[in-house]
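The values are calculated or read from the model by the stated rules, or taken from the named source; none is laboratory data. Predicted model, so just to flag it, every value in this text is computed and none were measured. Here the Cβ is made from the backbone with ideal geometry for all residues, glycine too, and neighbour counts use every protein chain on show.
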Amino acid sequence: MAKILVTGGTGFIGSHTIVDLIENGFSVVSIDNHARSSSYAVAGIEQITGKKVKNYKVDLKNFDETRAVFQENPDITGVIHFAAYKAVGESVLEPILYYENNIFGLINLLKCVQEFEVADFVFSSSCTVYGNPDTIPVTESSPVKKAESPYGATKQMGEQVLADFTKAIEKTAVILLRYFNPVGAHPSALIGESPVGKPQNLVPAITQTAIGKLPKMMVFGTDYPTRDGSCVRDYIHVCDIAHAHTLAIQYLADKKNKTRCDIFNLGTGDGVTVLEAIHTFEEVSGIKLNYELGPRRAGDVVAIYANNNLAVKELGWKIKYGLTDMMKTAWAWELKIKEAEEKVKSN
Ligand code: WQD
């Protein structure tokens, strides 16, 4: 049974990917220092799959501790690398935090991949590498433009490091997965997105406002040149993103890759505005959301959504969830968090 190391395994996309890997017959170990996630996800993964996944509470910036994980698991055949900070707005305010964490962690990981001759490596990249695209939808050959945020710059640098790495190190093949906007939660509501502190991303901001954790939320900018003035994004269900990782690591294991660093866009191909996302949530939840129309947020691109034909054709990726499902599952997860918090309070 192929053993996959998932970094950031207790995070939002990492935990959903571990569930999908296990459901597709892979053995999994995780590295996560819980800087932006909690160990609750390990319990959720076990409840869903019946499998207890070992998580090493290790920071990838600590090379010796990272290397020890590979030493203890010499049968690792592939790595899926999620562990990184990912809030566009925060990265504008804290650039050094982002460059140190996202780049330094990747470099240490690749030193281990090289030493232990790991064959397959899937990298969590992002549509932010396209910057403000001139034409949409974007394809994998759309120009990588100047990143609009340090977060986007760390993803561009990560892709460059990996492209150079695969040119030099023949034993490892890489896939770069460029996510659009991952949202929603596992249908079981046993795992989901648990932002630490005030949510930076749209959907957790919506659900935390709806449940009363936040008094209101802000729509960042309604004067953009879009159909309703708010930004356009390609929201994609986290379970669809997760399954694409399983397909990608299998694609590499089957040596189907066309180059040693293939790239795939992971988006639905549908552009949705912030206001449309909010209104869909209101329809799904029956809740009138308390939001204000505010100024633009630094680092935001105006509009972006994917041409996902390559992932559909090459990986055999089929999207299962629509925007309504994304909002339904995100809301069910928020309700589950509230239920758990109330249970703790009553004990
Ligand atoms: C979406 C839209 C905000 C919060 C994300 C990830 C990044 C990458 C790309 C994966 C923007 C608006 C948000 C709020 C708002 N994905 N918004 N009020 O910036 O597109 O980046 O997708 O790698 O990791 O962070 O996502 O959810 O922050 O913002 O109006 O309270 O919602 O201005 O237009 P973004 P986001």
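The residues listed here are 189, 210, 244; of these, the one that is within 18 Å of residue 326 (Cβ to Cβ) and more than 15 Å from the ligand (Cβ to nearest atom) is 189. Does residue 165 satisfy being among the hydrophobic types (A, V, I, L, M, F, W, C) and within 13 Å of the ligand (Cβ to nearest atom)? The answer is no for residue 165.
Residue check: is residue 85 touching a residue at least 24 places away in the same chain (Cβ under 8 Å), within 17 Å of residue 36 (Cα to Cα) and in a loop (DSSP other than H, G, I, E, B)? Spelling it out, residue 85 is indeed touching a residue at least 24 places away in the same chain (Cβ under 8 Å), within 17 Å of residue 36 (Cα to Cα) and in a loop (DSSP other than H, G, I, E, B). Out of all the residues in the stretch 213-228, which are over 20 Å from residue 269 (Cα atoms) and more than 11 Å from the ligand (Cβ to nearest atom)? Across the stretch 213-228, the qualifying residues are 213, 215, 223. A count restricted to the stretch 303-342 and to residues that are more than 17 Å from the chain's Cα centre (by Cα), under 13 Å from residue 241 (Cα atoms) and within 16 Å of the ligand (Cβ to nearest atom) stands at 0. Applying the criterion of being more than 10 Å from the ligand (Cβ to nearest atom) and part of a helix (DSSP H, G or I) to the residues of the stretch 254-302, the residue that is surrounded by the most Cβ atoms within 10 Å (Cβ to Cβ) is 281.
Here the stretch 117-141 is the region considered, the condition is being in contact with a Ser or Thr (Cβ under 9 Å, 6 or more places away or on another chain) and assigned to a helix (DSSP H, G or I), and the residue that is nearest to the ligand (Cβ to nearest atom) is 128. Set side by side, the residues 53, 69, 113, 79 differ, and just one is under 16 Å from the mean Cα position of the chain (by Cα), modelled with pLDDT of 95 or more and more than 15 Å from the ligand (Cβ to nearest atom), which is 79. Taking the criterion of being farther than 10 Å from residue 9 by Cα, in a loop (DSSP other than H, G, I, E, B) and touching a strand residue (DSSP E or B) at 6+ places or on another chain (Cβ under 9 Å), the only residue of the stretch 22-38 that qualifies is 26.
For the stretch 306-327, the tally of residues that are in contact with a Phe, Trp or Tyr (Cβ under 9 Å, 6 or more places away or on another chain) and over 21 Å from residue 176 (Cβ atoms) stands at 3. Among the residues of the stretch 241-289, the one identified as in contact with a Ser or Thr (Cβ under 8 Å, 6 or more places away or on another chain) and of a type in the set (Phe, Trp, Tyr) is 281.
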